[in-house]
Every structure is written in C-alpha cells, then in structure tokens.
Amino acid sequence: MPTFSLPKTYDFTSTERRLYQWWEENGWFKPENSRNPEGKPFVISIPPPNVTGVLHQGHALFVALEDLMIRYHRMRGRAALWVPGTDHAGIATQLQVERKLLAEDSSREEIGREAFVQACWDWTDRHHDRIVGQLRRLGASCDWDRERFTMDEGLSRAVNEAFVRLYRMGLIYRGEYIVNWSPGLQTAVSDVEVEYSDEQGALYYFKYPVAGADLDDGPGVGYIPVATTRPETILGDTAVAVHPDDERYRHLIGKTCLVPMLNRTIPIIHDTYVDREFGTGALKITPGHDPHDFEIGQRHGLRIINIMNKDATLNAEAGPYAGLDRFEARKKLWADMQTAGLTIKEEPYQLQVPRAQRGGEIIEPLVSMQWWLNTDAMAQLGLAAVRTGRIKIIPERFTKVYYHWLENLRHWCLSRQLWWGHRIPVWYGPDGEVFVARSAEEAQAAATEHYGEAVKLEQDPDVLDTWFSSGLWPFSTLGWPEDTPDLRRFYPTDVMETGYDILFFWVSKMIMQGLMYTNDIPFHTVYLHGLVRDEHGRKMSKTYGNVVDPIEVMDNYGTDALRFTLLTGSTPGNDMNLSIERIRANRNFANKIWNATRFVLGNLPEDFKYAGAPDPDQLDLPDRWVLHRLNHIIDTATRLFESYQFGEAGRQVYEFLWGDFADWTIEAAKPRLRGENPDPVRQTLVYVLDQTLRLLHPFIPYVTEELWQHLPKAEGEAPALIVAAWPESNPAFENQDAAGAFERLREGVRTIRNARREYGVDPARKIAATIDAGDYAELFQTMAPVLALLARLDPDQLVFGPAPAGEKGSTLVAGDITIFLPLGGMVDVEAELARLQKQLAETEKRIRGAEARLGNENFVSKAPAKVVEQARQTLADLQTQRAKLAEQIEALA
C-alpha cells in the first residue's frame, strides 16, 4: 500500500478551521516570517468594516480580492503585510445603541454623554469579535497583531494631530453653510450617508404677488408664477430670481414682491442660473434650505433665514406655522394659500427624495454652524498625483470620475452632532476664545497663558466626520504621526482595493490627506470592484428576498467555493451576478482537484522519491506536452496577476487543471503507469500538480494547502504552501514540436468521441478503428495504448493504415489524419437506420410547418421583426439538420 494517500472526500469544515489556526500560529501572516523578510514590502490596508457590522457579499468580495493579492505577492517573495482593522462607524453605532436604550425605556439624553459613550464602547467590544471572526472565516491572511481600530489611542492621537495642523494652516474654520441634516439623528450627515429614492411627489404652482400691484393684473404684472416641490420653504424665501434675458419678467427686476401669507418684502433679482424652460421660468430663492439657493444668496448678499428646528418642526421665523412638523406645515400653508387665491395648480412630479441611509427619514437641507475644511489646495495635490501617473486607478475609466469630483470639490463639513466618535479638539474659554489643541492638557496650558490664570474650558460638543479619521487610515495604522519602524518600512502602501461607490467619499480623502501630512502618496494603485448582485442582476435586498448570505454559503459549500466564484466572476469596476449554482459548480471544482490528487498519490509507491522538475529528455510525449502547457499557463497567469486581471487568471488555471491535467494528462498516464518505466510519469504528475496548486492557492487557499501537504516534497521545500514560491516557467519545457504532435493526437481523439456521440455508442463499448495518420503514423502507433484508452478503442481492432475498401463505416477527417470507424462495430445498423429515418420524417414535418408560417404574408408583415427573424433561423437550423440526417442515412444504407 502506498504511504501517500488522501481521504475519499474533502471535509472543508474541519480543514478550514484547522489550517487557519496552523497558519496563524506559525506566524505566516506576518511580513517578518515571509520567504524573504528583508525583501521589498507589499502592503494593503484593509478597508475597515464597521465594527458593529455583519458580513455581506461586498465584504466577501473585497476580502477575497485583497487576500488573493497578499498571498500572490507573499509567494513572489515580497514582505507582504495586510493591515487589518475596523471602523467605529459613528452614526451606525450610535443609532444601534440609542435603539437599545429606547428598548430599555431610556435615552442618551437621560443617561448623559459620558455614560452613553461608555455604552458605545461596550457595544463595540461585544460586536468586534463577530465581524473579525467572519473575516478570518474567509481566509483573510492579515497580520492580526497589527490590528487597529479608528478610535484606538494611537489613531485618536493621529486625528487630533491632523486637525491641529490643518487649523494652524488656516484651512479649518467655523461657519454657517448648507448641510444634509438628519432630523431623526439630529446631526449633519455626509453625502455618502444619503440615499436617493424615486418617489411620486407634486410640483406646486403658485403666485408670488408683486408689491404694489394687483393679482388680477395677471402674470408678469400682478404676480410672478413660481413652482416648487417643497411649499413649506416659501416661508424662508428671501428673493425671487428670473433670467436676465427672459422677456416675460425682465421689466420686474429690481422691484419687490411679497412672501405669501407672511407678506414679508423680498427683492426680484436676476441670475443666469435660472432655467427659463423649467416650471414657470422664475425661481424662489431659499438660501437657508437649498444648496443652490445658498450659493445664489451668497452672490447677491441675500439674507439667510432658517425656518426649521433641529427636529424638522418650524420655528418662529415661520410665523403662524411655528411648531408644526414640516409636512404638516406644507399642507396647512398650501390650504391657506388656496383660500387666499395664491395657488395656480398642482401636478404629479417624480422626485429624487434624499433619505438618511441609517434612519430612513427625509434629509433636510439646512443652514447650520459647523466646522469646515477648505479642500482647495488638497484637491490640487490629489489631482496632480493621478494626472502625473504616481497613482493609477483601475479600471482607468474611473479616472475621469475622480477628476470631475476633485475639480468641483466643495469645502468639507467636518463636524457631526453626535456623541460617538472623535470629539473635535477645540475648547472654548469663558469669553468664547477658541483653543485648538492635541489634548485637554495642551488646551488648558494655552488658555492659562492667554488669560494669565487657570480658567474653565468647554470642549466643542461635536465629533468629526467618520471619513476624516478613515482618510488617515493608510498611515495612521502604521504609527503616524510618530516616526515608527512600521511607517518607515511599510509606507507608502501598495494597493487600495475598495468599491467604486466610495472612490470620492473615501479614496480621494486618503489621497489628499496622505499627500498633505506625509508629503507622499498613500498607495500607487487604486483597484475598484463593483457591487455583488443576485443571479438576475438585481441588488440584493431583504425586501426582494434574494440576499445570498456568505456565512450560509460557506457552511454549505466551503470558503474556497465562495472565494473562487467571487474572484473568477468579477472584473475591475463592474458589478457581478452571483448564483448558488455557480458556487455549487466551484465546490465541484475543489472536489475535482481532490480526486485528481487522490489518483496521483494513489499511484506512488512507498519508496517514491520526488526529484522536483523532471528531465524532459526522459519523458514521453504526453508529459512533454503538459509541461509545455504548464509553462504557458504559468506565464499567462503571472502576466494576468500583474495586470490585475485576477478573474481571467483564475479561469485560465481552472481550464488547465480541469482540462489539460485531469481530463488528458491523467488519462494518458493510466496505461503508462502500468508500463515498464512508470517513474518519469509519476514525477511529471507530482510536479505539474504541485505547480498548479501553487497557481490556485491565492484563489482557493484551503483545499490547495491541504492537498499540497500530502504531496511528496523536494529537499529544502517550504513548510507550507502559503509561504512556498510562486511557479516560474522553465525554458527546458518549451517544446513546440511535442505540443503540436500531442495536439494532433487530441484532435484525433476528439473526432472519434464526437462520432461516438453522434451514433449513440455506449460509453463503455470499445470499438474498432483504422487510422491513416500520414506523417504522424509513428507517433500514433507509439501512442496506441494512450489513444485506445482516451477514445475507447479496442486495442486488438486498432489498425494503422488506409481504410479498408468496400466496408460500411464512417470516415472522419481530423486535419491531415483520416479515421475509419466500421459501423458494424459501433451500432445495430438496421435499428440505427430506422431511428434516423423516423427522425428525418419528424424534421421534414417541422420544416413544412416553418415554411408555411413564413409563407403567410400576414405573419411576415405584421409580426415583430425579431419574431420573424427567429422563425427564419429556426427553418435554417431544421434544413441543416435534415441535410445531416440524410448524409447519415446514406452512409448507413
């Protein structure tokens, strides 16, 4: 019995857990324990998932992609470091803790800030292990000793340092501007935390009375017709704008009109922003509640009126409507305007409604006092880094998107009215004097120096936008602002892999902040993946019931099956469709590799000594062919990896292992393993399998490691596949003659297999054949046992030479090779003839029906062009089938 053996089936559940623990315990995730610890680093900073989040397919895709890159470069001899970590997720975490308090009949206001922040820390600690455990389950080979959290002590120090530096450079300031206000969360939110939904609304047309005129004088004299989708904001209007070239209203420019129901006088102004073709061609200007109106107001020096409280009820500026909810105020104001004769009409209008990603309520544009960052200079740095090629975006088409965003970048609202997050490092003295400092102690020292005595300071209650700390991630995780060994060794990092949907919200901020604080790019490549959708291309949603849970998939099919499906089914920047059927097929691929390895190991004797790369001069044609093909696949896969075409690399290696190795090389090896000199065949099988497992390891790390551990090893080999060397092509294996010759043999086998299928020959039945191979006669005769096995031929009835004269049979041509298969040896001629004649009659009947349909002028002229074209194609296919059947009948008869 051979000592090299495998269990009959692959138990992925126990294997995955055991191997991950083994890898980690041996320190193979650490760059210090790589094959070349002093080599050039390759570094990825993980996009930190929300610490309170749950694994979804988007996580699974980015983990699979990044782990693939890390494993590939680790095998290539780079000191690979994958820095893990999690994000404190300001709004998401605060919202969950507030819901917990609400369920306990409490609130954050009731327990106070200090207790609430502690509750958030407790919540974070409880949920951290869940998301990290799920990342580990996916095979993430991160250096967990270097794990970071966006609110740990070091990163908090980095955040404060960054804020202080920007403030002292004059780039951070406090001022009023329009923000996305979430009434439910009671905070400003970033654009990425706002989702737009298509909803049915209304466009409200009404009369803006011209001061001193009579409404009865009509539009353009007594009033200006205006349209809006948010009537309640009329109460905050401070102007009506018209286009300077609009003949309908230009004579009114410089006059005034009256705010409906409040009778507050406001000016009629002109501005080229006004679209004369939309609505009535006149625009109400509400600088306090619309970002475009705010800019118009700034240009014209208009007053800013905020009519809303933080909870979206109306304040005293709304006059008689104060205290009403914004939507109640809309109804009451419109009803009052109808009574006053100020309304014109309502019409249905499709709206893009902004809703809070977390709370779901409608976002209110609101002027608010916030902390802002002037990003003008940073944007220029970010643009230059990409334009000069220092940073490459994959796929390249997103470069234009990046340019557009940074060329039109507005000042960044940094403050959030939350309690969970990095508190803004600003303290106020008794008289409102501002002290910006790295710590409370530093602020207190500055205040004492300023006032000449110790005074009580109040810290700003707001926290920083989560994206501010996330923007520091590539360098703060390595120790910045301290000059740490990790920062010197591993920064700049290499690749930032993330979703295309946060190219602006996160990637651009990392680039700008990295350049600003470190005077260097944070990474040289941005790799963008798309969204993972269901098999029909729909977004995964609980509402649709189409969510494919990665944990459930891994439980049922194994991690490797999920990883391989995601990696080979995705391309940079494009969404991918995910189906359980594809995952199941890739589970079968793992089984195929397992069975192929069982075959190889099962044919090794106890005293087998693996010698490494075989000597091609000692090998038969099939072995020289597969080594030539192996060379090609190694070079192709490496080239595709280097150009970030990971999916295509995986597909190519898949085809090689399943097709070239399992279906051809192993089958061709079977008769030779029983021959007089099987050792070269065994050496080739082990070598090709070893090299192919290395190529597949970044895609499917678990099954490849498990199988590789069972393979015999050459002297001095690495202890584990995870730290083994990436394959390199061997010039000695280049052999076009052998490749061409074996391809001739394969072409002959395929031709015979096709004929067997056409004639319905039982797969187990061996048939006779006469092969006239011409210049390849010696090759075919030498490979006769292999040929007989692969084509299921009877070795005693396999003849080489011209086809026999006068015998019934099928003559096949494969290139310049002629193959004759006697029909008597393949089929019952009479029964087959009857079957074919019946099939021909059925085909003739279908042809007559198709011809009648196309002969019907009514059908041809009135049916859709696509339907008519399909009918014509069906007829053409049937005619081709008839001709083929006739040929087969003639051959038999």
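The values are calculated or read from the model by the stated rules, or taken from the named source; none is laboratory data. Predicted, not measured: the structure shown is a model, and the values here were computed from it. Cβ coordinates were reconstructed from backbone atoms using ideal geometry, including for glycine residues, and neighbour counts include every protein chain displayed. Quick note on the areas: whole protein, heavy atoms, side chains included, nothing else; ligands and nucleic acids left out. Shrake-Rupley method; radii C 1.70, N 1.55, O 1.52, S 1.80 Å.
No other residue among 89, 60 is touching a residue at least 60 places away in the same chain (Cβ under 8 Å), within 25 Å of residue 574 (Cβ to Cβ) and crowded, with 20+ Cβ neighbours inside 10 Å apart from 60. Quick one: in segment 539-552, of everything that is open to solvent by less than 100 Å² (accessible area, probe 1.4 Å) and more than 21 Å from residue 131 (Cα to Cα), which residue is modelled with the lowest pLDDT? In this case the residue turns out to be 545. Restricting attention to segment 435-468 and to residues that are in contact (Cβ under 8 Å) with a residue 40 or more places away in the chain and part of a strand (DSSP E or B), the residue that is surrounded by the fewest Cβ atoms within 10 Å (Cβ to Cβ) turns out to be 436. Mind checking whether some residue in segment 758-769 is in a helix (DSSP H, G or I), closer than 16 Å to residue 824 by Cα and out of contact with any Leu (no Cβ under 7 Å at 6 or more places or on another chain)? Yes - at least one qualifying residue is present in segment 758-769. The set of residues from segment 778-824 being open to solvent by 30 Å² or more (accessible area, probe 1.4 Å) and part of a helix (DSSP H, G or I) comprises 778, 779, 781, 782, 785, 789, 824. Summed over segment 316-364, residues that are aromatic (Phe, Trp, Tyr) and either part of a strand (DSSP E or B) or open to solvent by 50 Å² or more (accessible area, probe 1.4 Å) (or both) total 2.
Residue 296 fails exactly one of the following numbered conditions: (1) assigned to a helix (DSSP H, G or I); (2) open to solvent by 10 Å² or more (accessible area, probe 1.4 Å). What is the number of that condition? The failed condition is (2). In summary, helices (runs of 4 or more DSSP H) completely within segment 621-730 and bearing 2 or more residues that are touching a helix residue (DSSP H, G or I) at 6+ places or on another chain (Cβ under 8 Å) and under 24 Å from residue 7 (Cα atoms) occur at 666-673, 679-696, 701-710.
Under the condition of being over 26 Å from residue 213 (Cα atoms) and without any contact (Cβ under 8 Å) to a residue 12 or more places away in the chain, the residues counted in segment 268-292 number 0.
Against the numbered list (1) closer than 24 Å to residue 491 by Cβ; (2) at pLDDT 95 or above, residue 466 comes up short only at (2). The residues of segment 82-100 that are over 18 Å from residue 112 (Cβ atoms) and in contact with a strand residue (DSSP E or B) (Cβ under 9 Å, 6 or more places away or on another chain), listed by number, are 82, 83, 84, 85, 86, 87, 88, 89, 90, 91, 92.
Do the conditions hold for residue 526, that is, is it touching a helix residue (DSSP H, G or I) at 6+ places or on another chain (Cβ under 9 Å) and in a strand (DSSP E or B)? Here the answer is yes, as residue 526 does meet what is asked. The set of residues in segment 391-422 being of a type in the set (D, E, K, R) and either in contact with a helix residue (DSSP H, G or I) (Cβ under 9 Å, 6 or more places away or on another chain) or part of a loop (DSSP other than H, G, I, E, B) (or both) consists of 392, 396, 397, 407, 410, 416. The criterion of being over 30 Å from residue 695 (Cα atoms), touching a strand residue (DSSP E or B) at 6+ places or on another chain (Cβ under 7 Å) and either assigned to a helix (DSSP H, G or I) or basic (Lys, Arg) (or both) holds for residue 752. If we scan segment 554-567, do we find a residue that is open to solvent by less than 40 Å² (accessible area, probe 1.4 Å) and over 26 Å from residue 693 (Cβ atoms)? No, segment 554-567 contains no residue that is open to solvent by less than 40 Å² (accessible area, probe 1.4 Å) and over 26 Å from residue 693 (Cβ atoms). For segment 164-176, a tally of residues being in a strand (DSSP E or B) and either open to solvent by 30 Å² or more (accessible area, probe 1.4 Å) or farther than 21 Å from residue 369 by Cβ (or both) returns 3. Of 753, 672, all but one fail to be modelled with pLDDT under 95 and buried (at least 19 other Cβ atoms within 10 Å of the Cβ); the exception is 672. Which of the following residues is modelled with pLDDT of 95 or more and open to solvent by 10 Å² or more (accessible area, probe 1.4 Å): 78, 74, 99? None of the other options fit; the residue is 78. The set of residues from segment 92-124 being in contact (Cβ under 8 Å) with a residue 60 or more places away in the chain, more than 30 Å from residue 491 (Cβ to Cβ) and not hydrophobic (A, V, I, L, M, F, W, C) comprises 94, 108, 113.
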